[in-house]
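Derivation of every value follows stated rules applied to the coordinates shown; laboratory data play no part. Treat the numbers as computed from the prediction; the structure is a model and nothing was measured. Cβ atoms come from the backbone with ideal geometry, glycine included; neighbour counts cover every protein chain shown.
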Amino acid sequence: MTAPGKRLAVVGNGMISVSLLDQLVRLESRWRISVFGDEPHPAYDRIGLSQVLAGDRAADDLPLRDRDWYASHGVELHTGCRVLALDAERCRLATARGDVDFDACVLATGSLPFVPPIPGAGLDGVLGFRTIEDVDAMLERARTGRSAVVIGGGLLGLEAARGLLARGMQVTVVHLVDRLMERQLDDGAAGLVREELERMGLRVLLPASTRRIEGEGRVEAVVLDGGAVLPADLVVICAGIKPNVALAAAAGLDVGRGVRVDDRMATSAPAVHAIGECAEHDGVTYGLVPPLHEQAAVLASQLAGDGAATFRPLATAARLKVAGIDVFAGGRTTPEAGDQEVLLRDDGGGVYKKLVLRDDALVGVALVGDLGPMAAVSDALTRGGRVRDRLALLGVGAAVGPPPGADLADDAVVCGCNGVTRAAIVAAIGAEGGCTTRECVARRTRASSSCGSCAPVVDGLLQLAGMGRAAAPDAPDVCTCVPLPRAALRERVLGLGLRSVSEVLERLGDGVGCHRCRPALSYYLDVWWCGEHREEPASRHVNDRVHANIQRDGTFSVVPRIRGGVTSPAELRRIADVAERYQVGAVKITGGQRIDLLGVRKEDLPAVWTELGMPSGHAYTKAVRTVKSCVGTDWCRYGVGDSTDLAVRLESALEGLYTPHKLKLGVTGCPRNCAEVTVKDLGIVAVVGGWELYVAGAAGMTVRKGDLLCTVATPEQALEEAAIAVQHYREQAEYLERMYHFVPRVGIEAFRAATVDATAGARRGLLERFRRSRDNARDPWRSVPASDPSRFRAPLALAEEPAP
Amino acid sequence: MRVAVPLDDVRPGEGRLLVAGRRRVALFLTTGGPRAIDATCPHAGGPLQDGIVSGARVTCPLHLRRVDLDTGEVDDCAERVRCYPARVAGGHVVLDL
Ligand code: SRM
Ligand SMILES: Cc1cc2nc3c(=O)[nH]c(=O)nc-3n(C[C@H](O)[C@H](O)[C@H](O)COP(=O)(O)OP(=O)(O)OC[C@H]3O[C@@H](n4cnc5c(N)ncnc54)[C@H](O)[C@@H]3O)c2cc1C
Ligand code: SF4
Ligand code: FES
């Protein structure tokens, strides 16, 4: 822990400086902080300068924090105050306004535009692109001048060019290399970008190098190596940046390209740290903000006393928006030997998408024209790890997929510019944060306020929370106790990592709940966490606490699982023995081809289960119940498919899963349908050459013939389609919404589109969550009594309290 | 009659059935402290100890009528269940039945 009152001096008040201050304030560190910035304004959103130049944003919208913020958090801010020297030994700074002693110092001095040694680069009208003043100067020129030359066809140069183009200038981009943005883009993407830019009226010259800049006092023309002369009223040099290390170098710190730092952002001088574009970590300096925010976070933790925080560089990607063309690129976009490439291009449509993978992990990406997949791709790139479905990652078939942002992890950084995670955005949306619009999210978190590239994800998250334009306007709340629509609740629950009903009620509800929402929440937590939730029996109906069906007299019924209705003499004998030993009230063959032992006392349940030695049939709960079967090809002269075998396999595959309402299934060996499967929640009929799957049949309070979902060739395919359909139902239906209500509500076409006809990626996702849920399912008859015998105790016979 | 039930014998949030002669009492450890009521639902005899407890109410597991643990009032029902004073003392719930 830091002693209170020690002084932290921060040199530079740019984007990353603010990022550090933000975190220090949040961590409630006890430093007395002084910040020195040589720009006249408090730190502003440098990334937004492009939009200001293009006229898409007002300059007074740029400040990241107003002066009140600094004051109210006890941060002493000195603007327009240059730090002239650092004395690392004496721990002292010399500033334009006097000396300052510090206990710790942070260098966040950013970088300066790199100006190549071109004759004439010092002429009036030759500018860099780094500060508000630069933009003001460019705008000044644009008002009177006609032509501009931008030297450098990298990210910054193209931003400058499009801004000046938007201001009515004739703009030529001169680039040294034969490909625009060569550091980020491969040939294909760069070519497409160039075409689009030229269509917009930009002139692109490459490869071309500048011999000199000419003019009498102020710039008049740019002369290229071949001798060509480009008239210019304005020249913007965007030839790269160089880390601003002057202060550190003069102080004798170890300096390479940047100020060298270790994993803890410590420089070679004790008590001096460096972050941001001025820092060099492991031989690398960074020019885009996502890793720099990370550096700020690491240093903030260090300064707040967490010595374990270390900087681990992540692959990063950048987005460039050039009037209508969206470009997003990062990592290595030109594959090396041994890399694999996934390429999707639509020349007419101006879309180009490329992934570069190594050992199944994403190492590079270039997207042009359609940034739909950006959030997911960016996440995959930073996270590393195996990419399971490459096409899905590229958004192939994304039209039927969930809104952007749905699949992101909570700690995935959505807004790279401001270092805002999905969880932070989700927190700003809904009950606590109260945001229902992107503008509000931007105000609250700054996400989407800088480069704007994450706006679709923010919209997606709003939509998921039931707020966005595409959301159903009147999605009902889960309950008056938990006043959120289900989709929004899901977001919050996953975002906040709530795994038990009581946590959900405490954080998002009235803290109490009722008999309606608590079982519902119990179910939702199970399915949303794929079984990795925390079970709270107190929120369950008694049936689910003791895993048996309560009877009118308070005793319970026991229906063991008899898969497909197929039993054996030994099993029947065991059932008979148990029935006699525990003197059960009745033994009955049920409508679903099972055997019911009725009238069992609660305290006898664990012993009955143990002695039966059979798994729970879940007849007492909303879960996968029974798969009825007929005798099929094994015995029946009409059978065309082995329905008994498939029924047993289907039941084994699904058993143990909880569902919104009970789920009853059937498999029958021919269209005579002796197992009555067309009136089941899910039924399978063997036909010549294959199997038909029906969903949403009913023959209870309602009678309804099931809808044909699909016809498949093999039992394996039937099992897969069934698993996908069941998982989709589990995830999408309201609690207590039976299949025969759910499917007609959404429409069989939509149900089919989301299951049978879903993208490979979506199907795989469903199957994966299905398997995870299955893996986490425990047979309650074996696991629960053992872990919790006290629930099954006999009533307590009372004795009077002994006299004290 | 005053009786004492060891706290360990009752699971918070889940009722416990006590039998004293012909009397059946449902004991709950709610967030607001221990509560004891007659265990038999006046509607159709449902076992109230097996209901879901939310705040100071228990919901009968058979037909979901709610019973107020402080007043004994039952949803849609003129009849009330009896409530018994209960408090925690020395690791026990002490009840006056
Ligand atoms: C035991 C059984 C009757 C029998 O002896 O055959 C039975 C018994 C009950 N059924 Fe059933 N149903 C049984 C087969 C059926 C069937 C036939 C079937 O499964 O093939 C149906 C029609 C199909 C269907 O499920 O829709 C059926 C439609 C219902 C319904 C109406 C559901 C609907 O939406 O239409 C309910 C009430 C409900 O779920 O809300 C219900 C509810 C009940 C409950 C659970 C009522 C309750 O909450 O206590 C009964 C439990 C008695 C007990 O304590 O065990 N039972 N019930 C059958 C047990 C299932 C099995 O065979 O393993
Ligand atoms: C037009 C433009 C567009 C960009 N677009 C993107 C983009 O889309 N995505 C992206 O990730 N990145 C983008 N960047 C880069 C991004 O802005 C920088 O990476 C980021 O600002 C770096 O933050 P920093 O705090 O390290 O440096 P800066 O923000 O530059 O802050 C450093 C500050 O320190 C001050 N300073 C320096 N020396 C001293 C001294 N001796 N005394 C006092 N103060 C001093 C400087 O004046 C400056 O204010 C863009 C940059 C520009 C210019
Ligand atoms: S039809 Fe079903 S719910 Fe009705 S009495 Fe028979 S078993 Fe019970
Ligand atoms: S027996 Fe309690 S509500 Fe019916």
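Just add up the charged neighbours of residue A:293: K/R +1, D/E -1, any other residue whose Cβ is under 14 Å from the Cβ of residue A:293.
-1
Tilt of helix A:715-732 relative to the longest C-alpha principal axis of chain A, in degrees (0 to 90, nearest 10)?
Around 70 degrees separate the two axes.
Taking only Cα atoms, what is the 0 to 90° angle, nearest 10, from helix A:569-581's long axis to the longest principal axis of chain A?
80 degrees
So which trypsin sites (Lys or Arg not before Pro) in segment A:119-225 pass both tests, a DSSP loop state and at most 14 other Cβ atoms within 10 Å of the Cβ? Please list the in-between numbers first.
Details: sites: A:130, A:141, A:143, A:146, A:162, A:167, A:179, A:183, A:194, A:199, A:203, A:211, A:212, A:218; in loops: A:130, A:146, A:167, A:179, A:183.
Filter output for segment A:119-225: A:146, A:183.
Taking each residue in A:788-798, count the Cβ atoms of any other chain within 10 Å of its Cβ, then average. What number comes out?
5
Going 7 Å from the Cα of residue A:263 toward and past its Cβ, which residues in segment A:300-314 have a backbone nitrogen under 12 Å from where you end up?
Residues A:308-313 fall inside that zone.
Would you mind finding the longest exposed-site-free stretch of chain A, with exposed GluC sites (Glu not before Pro) meaning DSSP loop and at most 13 other Cβ atoms within 10 Å?
Result, exposed sites excluded: A:533-804.
Can you give the net charge of the other residues whose Cβ lies under 13 Å from the Cβ of residue A:701, counting K and R as +1 and D and E as -1? Walk me through the numbers before you get to the answer.
Values: positive: A:662, A:704, A:738; negative: none.
It works out to a net charge of +3.
For residue A:586 and residue A:61, calculate 0.36 nm times their separation in residues minus their Cα-Cα distance, and state this gained length in nm to one decimal.
181.3 nm
Taking 25 Å as R0, compute the FRET efficiency from the Cβ-Cβ separation of residue A:146 and residue A:183 and round it to 0.05.
Once the sixth-power term is evaluated, E becomes 0.20.
What is the order of A:728, A:547, B:63, A:78, fewest Cβ neighbours within 10 Å to most?
Ascending Cβ contact count within 10 Å gives the list B:63, A:78, A:728, A:547.
Could you check the simple spin-label distance between residue A:634 and residue B:63, using points 7 Å along Cα→Cβ, in nm with one decimal?
With each label placed 7 Å out from Cα toward Cβ, I get 4.3 nm.
Given just the C-alpha atoms of segment A:129-260, how large is their convex hull per residue in cubic angstrom?
Details: hull volume 17.6 nm³, N = 132.
Given the Cα convex hull of segment A:129-260, per-residue volume reads 134 Å³.
Provide the descending list of Cα extents for the protein assembly as shown along its principal axes, expressed in whole angstroms.
Between the extreme Cα coordinates on each principal axis of the protein assembly as shown lie 110, 80, 46 Å.
Give me the aspartates and glutamates in straight-line cross-link reach of residue A:6: C-alpha distance below 15 Å, same-chain residues under 8 apart excluded.
The qualifying aspartates and glutamates are A:28, A:76, A:101, A:103.
Between residue B:69 and residues 5 or more places away or on another chain, which pairs have amide H atoms under 5 Å apart, with H built 1.01 Å from N, and which residues are they?
B:57, B:58
Using only alpha carbons, build the gyration tensor for segment A:608-647 and give me the equivalent ellipsoid semi-axes, biggest first, whole Å.
One finds semi-axes of 29, 13, 6 Å for segment A:608-647.
In a shell of Cβ-Cβ distance under 13 Å around residue A:626, excluding residue A:626 itself, what net charge do Lys and Arg (+1) and Asp and Glu (-1) give? If you can, show how the numbers build up before the last one.
On the way: positive: A:561, A:563, A:594, A:625, A:628, A:662, A:664, A:680; negative: A:596, A:651, A:655, A:676, A:681.
Charge balance in the 13 Å sphere: +3.
So how far apart, in nm, are the two label points at residue A:783 and residue A:553 if each is 7 Å from Cα heading toward Cβ?
3.4 nm
What is the angle, in °, between the Cα long axis of helix A:289-303 and the longest principal axis of the Cα atoms in chain A? Nearest 10 is fine, range 0 to 90.
80 degrees
Per 0.36 nm of contour for each residue apart, how much would the distance between residue A:574 and residue A:103 grow if the chain were fully extended, relative to their Cα-Cα spacing?
Difference between extended and current length: 161.7 nm.
Viscosity 0.692 mPa s, temperature 37 °C: give me the Stokes-Einstein translational D for segment A:1-89 in µm²/s, with Rh taken as the Kirkwood radius over C-alpha pairs.
Answer from the Stokes-Einstein relation: 233 µm²/s.
For chain A, the longest stretch holding no chymotrypsin sites (Phe, Trp or Tyr not before Pro) located in a DSSP loop with at most 15 other Cβ atoms within 10 Å is which?
Within chain A, the longest run free of exposed chymotrypsin sites (Phe, Trp or Tyr not before Pro) spans A:115-637.
Mind checking which of B:58, B:81, B:25 has the largest fluctuation in a GNM of chain B, springs on alpha carbons under 10 Å?
Checking each option, the largest mean-square fluctuation is seen for B:81.
Take residue B:22 and residue A:611, extend 7 Å from each Cα along the Cα→Cβ direction, and tell me the distance between the two endpoints in nm.
Spacing of the two 7 Å Cα→Cβ label points: 3.2 nm.
Return, for the Cα atoms of chain B, the radius of gyration and Dmax in Å, separated by a comma.
That works out to 12.2, 38 Å for Rg and Dmax.
Counting only other chains, what is the mean number of Cβ atoms within 10 angstrom of the Cβ of each residue in peptide B:37-44?
1
Tell me, what is the FRET efficiency for residue B:1 and residue A:28 to the nearest 0.05, using R0 = 51 angstrom and their Cβ-Cβ distance as r?
That pair, residue B:1 with residue A:28, gives E of 0.35.
Check residue A:619: other-chain or 5+ apart residues with amide H under 5 Å from its amide H, H built from backbone geometry?
A:559
Given the pairs A:602/A:662; A:602/A:664; A:602/A:680; A:588/A:622; A:588/A:664, which are separated by over 28 angstrom at their Cα positions?
Over 28 Å apart, Cα to Cα: A:602/A:680.
Restricting to DSSP loop positions (anything but H, G, I, E, B) with no more than 11 other Cβ atoms inside 10 Å of their own Cβ, which trypsin sites (Lys or Arg not before Pro) remain in segment A:629-707?
Hits after loop and neighbour filter: A:637.
State the extension gain, in nm to one decimal, for the chain segment bounded by residue A:386 and residue A:90, taking 0.36 nm per residue of separation less the distance between their alpha-carbons.
Numbers: separation 296, 0.36 × 296 = 106.56 nm, distance 4.98 nm.
Taking 0.36 nm per residue and subtracting the Cα distance, the gain is 101.6 nm.
Please figure out what share of the DSSP beta bridges in the protein assembly as shown is antiparallel and state it in percent, rounded to the nearest 5.
70 percent
If the convex hull of the alpha-carbon atoms of segment A:24-145 is projected onto planes in all directions, what is the mean projected area in square nanometres?
In nm², the orientation-averaged hull projection of segment A:24-145 is 10.2.
If you count, for every residue in B:54-66, the Cβ atoms of partner chains within 10 Å of its Cβ, what is the mean?
4
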